[in-house]
1. Within segment 1-26, restricting attention to residues that are under 17 Å from the mean Cα position of the chain (by Cα) and of a type outside the set (D, E, K, R), which residue is farthest from V79 (Cα to Cα)?
2. List every residue pair whose Cβ atoms sit under 6 Å apart, with the two residues 6 or more apart in sequence or on different chains, where the first one lies in segment 234-247 and is in contact (Cβ under 8 Å) with a residue 60 or more places away in the chain and the second, anywhere, is of a type in the set (D, E) and surrounded by fewer than 18 Cβ atoms within 10 Å (Cβ to Cβ).
3. Please verify whether segment 30-45 includes one or more residues that are at negative phi and either touching a Gly at 6+ places or on another chain (Cβ under 8 Å) or among the aromatic types (F, W, Y) (or both).
4. Tell me the residue from E338, E332 that is touching a helix residue (DSSP H, G or I) at 6+ places or on another chain (Cβ under 7 Å), assigned by TED's automatic domain parsing to the domain that holds D58 and over 19 Å from G162 (Cβ atoms), please.
5. Which residues, taken from segment 162-187, are assigned to a strand (DSSP E or B) and more than 24 Å from S241 (Cα to Cα)?
6. Could you pull out the residue among I199, I168, I268, I194 that is more than 30 Å from G310 (Cα to Cα) and touching a strand residue (DSSP E or B) at 6+ places or on another chain (Cβ under 8 Å)?
7. Looking at this structure, is A235 of a type in the set (A, V, I, L, M), farther than 23 Å from G309 by Cα and surrounded by 12 or more Cβ atoms within 10 Å (Cβ to Cβ)?
8. In segment 82-111, how many residues are part of a helix (DSSP H, G or I), charged (D, E, K, R) and in contact with an Asp or Glu (Cβ under 8 Å, 6 or more places away or on another chain)?
Amino acid sequence: MVDKGRLVQDFCDLVRIDSPSGEEEAVAQHVSRRLQVLGLEVARDAHGNVIASEPGDDPLLLSAHMDTVEPGRGIQPRVQGDRIRSDGTTILGGDCKGGISAILEGLQSVAEAGLARRPVQVVFTRGEEIGLVGANNLDFSMLRAAEAVVFDGNGPVNHITGASPTYIRLDVTVKGRAAHAGVEPEKGLSAIRIASEIITQLPQGRLDAESTFNVGVVSGGSVRNAVPADAAFQAEFRSRSTETLDSLRMQVLEILDKARQRYRDASIREEFEVMFQMYTLDPKEHMVQAVCQSMKDLGLTPNIRPSGGGTDGNVLRLHGIQCVVVGMATNEMHTVNEYVVIPDLVNAARFCRQLLTGSY
């Protein structure tokens, strides 16, 4: 059986280990030791992703990511009834250490019970929160699995990500002309003003049921008393519609071109990059059916619904692996209000155990 007390303790131990994106090594060492104790052979690819394997045909890939967002240093988890929270000054780190904990407990409980199970490979990636960097740099030659479950969804484990959007990064830099703000501002050309005019013309927030647009970072200037020569902003847009993505890209380019015509002495440069690609689950896929049946066997009702976020599952599916993303008991991710529901965390571990031991 899944050991609730051990699971909660393991989760709390994990979130106490700082692992902001790019600084995952301590967590990587921790989970590597745990996987080795479970009898798996642990390796690291060139990017530092943890890849654990064992002999056997048709292995199931279990995956989660090791990094967390900021503020995520010095996390102090607190168990309050059936929930786990931080002390309110940081995130909790349930994204994605809830997923890691569920996988490790699922494997541990099967081993203790001496049950026969499907062979596994386990992948814990780096840098998921900064654009699926670890998954995009994953050494797929080290993987044998054709099917996978990623524990990285919001809410309880029976929340299945049925569709995920394409995510496009947009970086815009503006170069104007500096001048003394009090003596001769007429000689200047404010890069901040130009950038702000561009930003106010861009779409913002939820555009429709499938699409969003956000400007998340703005920077510029150097001192208070100088007309700023430099400014930049970072934005993103996402959609599950190819037509909408194309339309948004054209809209951005049109706004930038008009700014260039208005401010001919300025330099305005943009850079687009597709960070991950959309997908929609086929309910006939074997892995989708196996996940749903495993949940039903536990008395859980599968809830397949679209998401506006991306996970390592986007990359795995792009590489031909039948992958299903499930919830990991975490709520209000990326905020200091984040919390994990303990019964949901237990169900995530139970689901992992059931999927490994059932005949699907």
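The values are calculated or read from the model by the stated rules, or taken from the named source; none is laboratory data. These numbers were taken from a predicted model, which means no experiment stands behind them. FYI the Cβ positions are ideal-geometry reconstructions off the backbone, even for glycines, and counts take in every protein chain you see.
1. Checking each candidate, the answer is G22.
2. Q234/D171; S239/E210; R240/E210
3. Checking segment 30-45: not a single residue is at negative phi and either touching a Gly at 6+ places or on another chain (Cβ under 8 Å) or among the aromatic types (F, W, Y) (or both).
4. On the way: E332 fails: touching a helix residue (DSSP H, G or I) at 6+ places or on another chain (Cβ under 7 Å).
Checking each option against the conditions leaves just E338.
5. T173, V174, K175, R177, A179, H180
6. On the way: I199 fails: more than 30 Å from G310 (Cα to Cα); I168 fails: more than 30 Å from G310 (Cα to Cα); I268 fails: more than 30 Å from G310 (Cα to Cα).
That would be I194, the only listed residue that is more than 30 Å from G310 (Cα to Cα) and touching a strand residue (DSSP E or B) at 6+ places or on another chain (Cβ under 8 Å).
7. Considered against the rule, which asks whether it is of a type in the set (A, V, I, L, M), farther than 23 Å from G309 by Cα and surrounded by 12 or more Cβ atoms within 10 Å (Cβ to Cβ), A235 comes out as no.
8. Keep residues of segment 82-111 that are part of a helix (DSSP H, G or I), which gives 94-111.
Among the residues that remain, those that are also charged (D, E, K, R) are: 95, 97, 105.
Among the residues that remain, those that are also in contact with an Asp or Glu (Cβ under 8 Å, 6 or more places away or on another chain) are: 95, 105.
Count: 2.
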